[in-house]
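Trainee: My structure is below; once you've seen it, I'll send some questions.
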Amino acid sequence: GTVTRGCVDKTGTLTKGKLLVTETSFTDTRLAYITAVVANELRDPREFARWKWATEYARKNSGKVSSPSDLQKKYTIDDRIPFSSERRFLAVRSGAEIFIVGAPETVADYSSLAQKSKTKALQEVHTWAQQGKRLIGMAHRKCVSVAAAKKDFEHLSKGKSLRSKVKWLGVMGYTDPVRSGVKSALN
């Protein structure tokens with residue numbers, strides 16, 4: 001075959017290398033805000049962008065929500081499932097609550113969304129992905145007790161379904177702005 005055009009990029013080469021949260025679609029913005037802070041290890045560009053979004057959200061809603069640093073003190077992490085490319089999500093447990101962030105399709109599969117709602121949510125994910133956005137889905141579970149949360153968390157760590165228990169919170173979309181001068185360099 002023949003190739004007429006090849007396009008390659010490495011984050012930070014053609015782009016600024018600084019992800020920004022540019023779009024959100026939440027079913028519960030307050031819980032999504034808490035999840036953005038609590039299920040955040042501040043280790044990669046998406047997590048830094050999520051933290052920046054949370055900081056802005058707290059500033060805009062001053063007096064209505066706790067600051068990210070106050071949330072970190074309130075929600076101490078008792079258990080963690082680190083992100084892996086096989087698992088496609090990160091989860092943390094704080095007391096009787098479980099917070100999940102990850103690939104929207106994976107997080108939606110663990111959620112209690114009805115099939116029609118799940119299809120609608122994933123259509124939005126597909127639309128945003130076609131626009132070049134990087135995406136994460138968010139979910140939350142408040143269990144009746146710490147013991148129940150530990151059991152649910154153990155099931156989650158083994159990849160077992162919690163479909164009837166995890167609340168879908170929605171999607172967060174990121175972009176990495178193109179560096180100035182890239183267009184003229186490519187012509």
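The values are calculated or read from the model by the stated rules, or taken from the named source; none is laboratory data. Note that this is a predicted model, so its numbers are computed, not measured. No Cβ is skipped: glycine too gets one built from the backbone with ideal geometry, and neighbour counts run over all protein chains shown. SASA here: full protein model, heavy atoms, side chains in, ligands and nucleic acids out. Shrake-Rupley method; radii C 1.70, N 1.55, O 1.52, S 1.80 Å.
Trainee: Determine the share of the chain's accessible area contributed by carbon and sulfur atoms, expressed in whole percent, with a 1.4 angstrom probe.
Mentor: 49 percent
Trainee: Then there is this: Could you work out how far helix 146-157 tilts from the main Cα principal axis of the chain, as a 0 to 90 degree angle to the nearest 10?
Mentor: Computed tilt is about 40 degrees.
Trainee: Something else now. If you restrict to DSSP beta bridges whose two residues both lie in the chain, what percentage is antiparallel, to the nearest 5?
Mentor: Around 95 percent of the beta bridges assigned by DSSP in the chain are antiparallel ones.
Trainee: Can you say what percent of the DSSP beta bridges in the range 95-170, counting only those with both residues inside, are antiparallel? Round to 5.
Mentor: 90 percent
Trainee: Next up: Given a cut-off of 18 Å, name the pairs among 142/167; 74/142; 18/74 whose C-alpha atoms lie farther apart than that in the structure shown.
Mentor: Values: 142/167 9 Å; 74/142 15 Å; 18/74 29 Å.
Table pairs above 18 Å Cα-Cα are 18/74.
Trainee: If the chain between residue 42 and residue 60 were fully stretched, how many nm would it gain, using 0.36 nm times the residue separation less the Cα-Cα distance?
Mentor: Details: separation 18, 0.36 × 18 = 6.48 nm, distance 2.16 nm.
The residue 42-residue 60 span can extend by a further 4.3 nm.
Trainee: At 7 Å along the Cα-to-beta-carbon direction for both residue 25 and residue 158, put a label point, then send me their distance in nm to one decimal.
Mentor: Placing both labels 7 Å beyond Cα along the Cβ direction yields 3.5 nm.
Trainee: Determine the gain in length on full extension of the stretch residue 88-residue 178; use 0.36 nm per residue of separation and subtract their C-alpha separation, reporting nm with one decimal.
Mentor: Net length gain for the segment: 29.7 nm.
Trainee: Would you mind working out the accessible area per residue for the chain, using a 1.4 Å probe, and quoting it in Å²?
Mentor: Per residue, the chain has an accessible area of 58 Å².
Trainee: Using a 1.4 Å probe and counting only protein heavy atoms, arrange 140, 155, 126 so the residue with the most accessible area comes first.
Mentor: Sorted by accessible area, descending: 126, 155, 140.
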